[in-house]
Amino acid sequence: MKKKYYLSTILFLSAFLITGTLFAQEMLNNDTGFITTKSGLKYRINEKGRGIQPKEGDYVYVHYIGKFLNDSVFDDSYKRGYPLMVALSAGQVIKGWEEGLTLLHQGDKATFIVPSELGYGKIKIGNIPANSTLVFDIELLQVVPSKTIEPFKTDGKDTIKTKSGLKYVIISQGKGEKPKNDEIIIVDYSGFLDDGKIFDSSVKRMKSFKFTLGQGQVIKAWDEGLKMIGKGGKIKLIVPPKLAYGRKGYKNIIPAKATLTFDIELLEIIPEIIIKPFAVEGKDTIETETGLKYIDVVEGTGKQAFINAIVTVHYTGYLKDGTIFDSSVKTDEPIQFPLGAEKVIKGWDEGLLHMKEGGKTRLIIPYHLGYGEEGNLPQIPPRATLIFDVELLEVL
């Protein structure tokens with residue numbers, strides 16, 4: 001299960017401690033071939049492409065290798081086997097990337113030296129130390145120019161206000177039954193601020209969004225409003241702050257106390273997926289020195305998991321009373337992460353090392369290998385023992 005501070009749209013970097021070697025200092029001082037911008041970013045074009053230059057709002061696909069100044073690699077999209085897609089000026093990546101990518105052309109290969117103030121600054125994120133200078137070898141594969149998004153027209157249509165304070169306008173009703181809680185729905189959407197600026201859009205990304213309705217996976221207004229239309233329907237939601245991001249807003253993307261407007265098209269409704277716990281009766285429970293317990297339900301026949309491997313898993317997480325608090329099976333969205341990089345709770349990093357591709361295992365994780373003394377409210381109480389049914393789909 002992913003730690004909550006990885007939610008988001010921040011750049012996904014794992015890291016090791018910077019050693020501060022002489023090599024590191026030499027790299028900082030030796031800027032041969034590098035151009036330094038006013039912000040302090042250093043970049044060098046290693047191989048020139050011939051394509052277009054991205055601009056604010058465009059989407060770019062990049063491959064990259066992330067390194068520290070001692071040349072140790074901490075992240076590698078080539079190893080994962082697929083590039084990263086970034087929406088420029090959407091706050092999805094560190095400032096050094098936001099600036100540097102606009103300096104490139106499609107097909108360019110470049111190196112960025114990103115000072116800490118353009119990276120993660122004084123804040124420690126996961127295993128990334130505070131005040132870290134980061135180095136990236138970047139290949140800009142493709143630039144997808146931003147699409148012009150026209151807001152839904154509401155002329156002659158009624159605006160309805162619910163008891164919660166949500167306002168909505170049905171543009172088209174759609175067909176068939178309306179979705180219910182626990183069903184998976186697929187939507188296209190664009191989100192607008194009061195001034196009309198688009199802050200997020202699946203239409204621009206050309207990638208529809210899938211989630212389980214009524215499970216708190218989206219803001220409250222979506223869970224309420226999308227029950228008003230059927231498949232193929234379109235709706236405009238006018239969302240007060242209390243049903244969106246409240247008094248604080250969200251990072252540098254959504255201002256404090258912002259009223260948001262969403263134009264949403266409901267593309268697909270997928271019936272609720274019924275989860276069945278693994279059958280563990282009669283199978284051995286093995287306990288490790290750390291206190292982790294695991295039960296092998298199906299022995300895998302593929303590649304053995306190993307430290308730093310990129311693993312893809314399906315999982316369902318239970319409390320001791322059998323309550324499901326999280327499940328990739330429920331959303332039909334397996335997760336992927338580097339094993340042993342502290343991207344997940346300790347019980348997962350240890351437990352998955354015992355598995356092979358195709359294997360199914362139940363992990364019984366004591367609180368000190370999970371979410372500790374405090375838990376992760378509201379889903380996970382303090383000092384909670386957690387149970388995970390995990391299927392290891394792939395090891396890269």
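The table below gives the values:
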| item | result |
| --- | --- |
| Rh by Kirkwood over Cα pairs, then Stokes-Einstein D for the stretch 230-287 at 1.002 mPa s and 20 °C, µm²/s | 136 |
| Interchain or long-range residues, amide H under 5 Å from Asn46's placed H | Lys109, Ala110, Thr111 |
| Inter-part distance where the stretch 144-174 and the stretch 302-343 are each reduced to a Cα centre, Å | 37 |
| Backbone HN-Hα couplings from phi across the stretch 297-308 [Karplus 6.51/-1.76/1.60, Hz, Gly and Pro as x] | 8, 10, 7, x, 10, x, 5, 6, 5, 8, 4, 6 |
| Where the chain is the region considered: accessible area per residue in Å², 1.4 Å probe | 51 |
| Selection of trypsin sites (Lys or Arg not before Pro), the stretch 113-174, meeting DSSP coil and at most 13 other Cβ within 10 Å | Lys122, Lys124, Lys153, Lys157, Lys163 |
| Within the accessible area of the chain (1.4 Å probe), percent carbon and sulfur | 52 |
| The stretch 116-178: chymotrypsin sites (Phe, Trp or Tyr not before Pro) falling in loop per DSSP and having at most 11 other Cβ within 10 Å | none |
| Whole-Hz ³J(HN,Hα) from phi, Karplus 6.51 cos²θ - 1.76 cosθ + 1.60, for the stretch 209-223, glycine and proline x | 10, 10, 7, 9, 6, x, 10, x, 7, 10, 5, 4, 4, 5, 4 |
| The chain: Cα Rg divided by the 2.2 N^0.38 Å rule of thumb | 1.09 |
| Computed [θ] at 222 nm, deg cm²/dmol, the chain (DSSP H ≥ 4; -39,500 (n - 2.57); rounded to nearest 500) | -2000 deg cm²/dmol |
| Nonlocal amide H pairs with His105, under 5 Å, H built at 1.01 Å | Gly49 |
| Residue-wise HN-Hα coupling along the stretch 196-202, computed from phi with Karplus coefficients 6.51, -1.76, 1.60 (Hz; x: Gly, Pro) | x, 5, 7, 9, 6, 7, 6 |
| Solvent-accessible area of Arg44 with every protein chain in place, 1.4 Å probe, in Å² to the nearest 10 | 80 |
| Relative contact order for the chain, counting Cα pairs under 8 Å that sit 6 or more residues apart, in percent | 13 |
| P(r) of the stretch 152-280 over all Cα-Cα pairs, binned every 5 Å from zero, in whole percent | 2, 10, 19, 24, 21, 12, 6, 3, 2, 1, 0, 0 |
| Cα-centre dipole for the chain with unit charges at Cβ (Lys and Arg positive, Asp and Glu negative), debye to 20 | 1260 |
| Farthest positive-ward along the chain dipole, Cα basis, beta-carbon charges - from Gly347, Gly51, Phe192 | Phe192 |
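The values are calculated or read from the model by the stated rules, or taken from the named source; none is laboratory data. All figures in this text were calculated on a predicted structure; none of them were measured in a lab. Heads up, the Cβs are rebuilt from the backbone with ideal geometry, glycines too, and the neighbour counts pull from every protein chain shown. What goes into the accessible areas is simple: the full protein's heavy atoms, side chains included, and nothing from ligands, DNA or RNA. Shrake-Rupley method; radii C 1.70, N 1.55, O 1.52, S 1.80 Å.
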